[in-house]
């Protein structure tokens, strides 16, 4: 799996935003539209619920050869057969995660600054999630760094970069123009009446603007 290609359209199903569809239904529809990576992120599920959901999503993604990442929970990621985990600056450090996971396990790290990006690369991250690129409703306190902040990071790292925060069909090209390899979205896909259609439209936008030309 080419990690840069796999990160191009990175979707995060959401129980509230994607209502009335369940997380598995949302993920399947987004993949049908062209999503290349899926992340499970849910702060309210119990450990058992999270494991069961992760296992179901892992199987869906495995069948479709789509990258599957679990947010925060290294234990759930490993137990469910996920491809990797994504950790924030307040989670277990990347260097510690690397010590307990298989060599081919994908580790993504959130970064808002050049310093955080450089540190993550040094500590063994496989990709960076950078943002918030634009104001976002999913994280009210997210600090917006804008395309300029994204460009500063893509200029100093050799790691693949996924832009996050407030990205939609209209502004996604700005992320790629600033050096991102992919975009991560929630509302732009799962807030749509037709998830598959919205995902397909965004996939085409990403494909046209992606520097790698996938």
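The values are calculated or read from the model by the stated rules, or taken from the named source; none is laboratory data. Fair warning: this is a prediction, and the values are worked out from it, not measured in the lab. For neighbour counting, all protein chains shown are included, and Cβ atoms are generated from backbone atoms with ideal geometry for every residue, glycine included.
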(message) without any contact (Cβ under 8 Å) to a residue 40 or more places away in the chain, in contact with a strand residue (DSSP E or B) (Cβ under 7 Å, 6 or more places away or on another chain), surrounded by 17 or more Cβ atoms within 10 Å (Cβ to Cβ) and under 23 Å from residue 87 (Cα atoms): is that true of residue 179 in this structure?
(response) yes
(request) Please verify whether the range 133-144 includes one or more residues that are at pLDDT 95 or above and within 14 Å of the chain's Cα centre (by Cα). (result) yes
(message) Suppose we filter 167, 205 for residues that are under 17 Å from residue 33 (Cβ atoms), modelled with pLDDT of 95 or more and assigned to a loop (DSSP other than H, G, I, E, B); which single one remains?
(response) 167
(message) Quick check on this structure: which one of 43, 99, 65 is surrounded by fewer than 22 Cβ atoms within 10 Å (Cβ to Cβ) and in contact (Cβ under 8 Å) with a residue 40 or more places away in the chain?
(response) 65
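Checking the conditions here, which among 67, 128, 159, 78 is over 12 Å from the mean Cα position of the chain (by Cα) and under 15 Å from residue 10 (Cβ atoms)? I'd like the intermediate steps shown before the answer.
Numbers: 67 fails: over 12 Å from the mean Cα position of the chain (by Cα); 128 fails: over 12 Å from the mean Cα position of the chain (by Cα); 78 fails: under 15 Å from residue 10 (Cβ atoms).
Exactly one of 67, 128, 159, 78 is over 12 Å from the mean Cα position of the chain (by Cα) and under 15 Å from residue 10 (Cβ atoms), namely 159.
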(request) Considering (1) more than 17 Å from residue 8 (Cα to Cα); (2) touching a helix residue (DSSP H, G or I) at 6+ places or on another chain (Cβ under 7 Å); (3) not in a helix (DSSP H, G or I), say which one residue 143 fails and leave the rest. (result) (2)
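Given the criteria buried (at least 21 other Cβ atoms within 10 Å of the Cβ) and out of contact with any helix residue (DSSP H, G or I) (no Cβ under 9 Å at 6 or more places or on another chain), does residue 153 qualify? Break it down into steps so the answer makes sense when it comes.
Working: buried (at least 21 other Cβ atoms within 10 Å of the Cβ): yes; out of contact with any helix residue (DSSP H, G or I) (no Cβ under 9 Å at 6 or more places or on another chain): no.
When the stated conditions are applied, residue 153 does not pass them.
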(message) So for the range 11-32 (the condition being out of contact with any strand residue (DSSP E or B) (no Cβ under 7 Å at 6 or more places or on another chain) and at pLDDT below 95), does at least one residue qualify?
(response) no
(request) Out of 193, 197, report the one residue that is out of contact with any strand residue (DSSP E or B) (no Cβ under 9 Å at 6 or more places or on another chain), assigned to a helix (DSSP H, G or I) and more than 16 Å from residue 4 (Cα to Cα). (result) 197
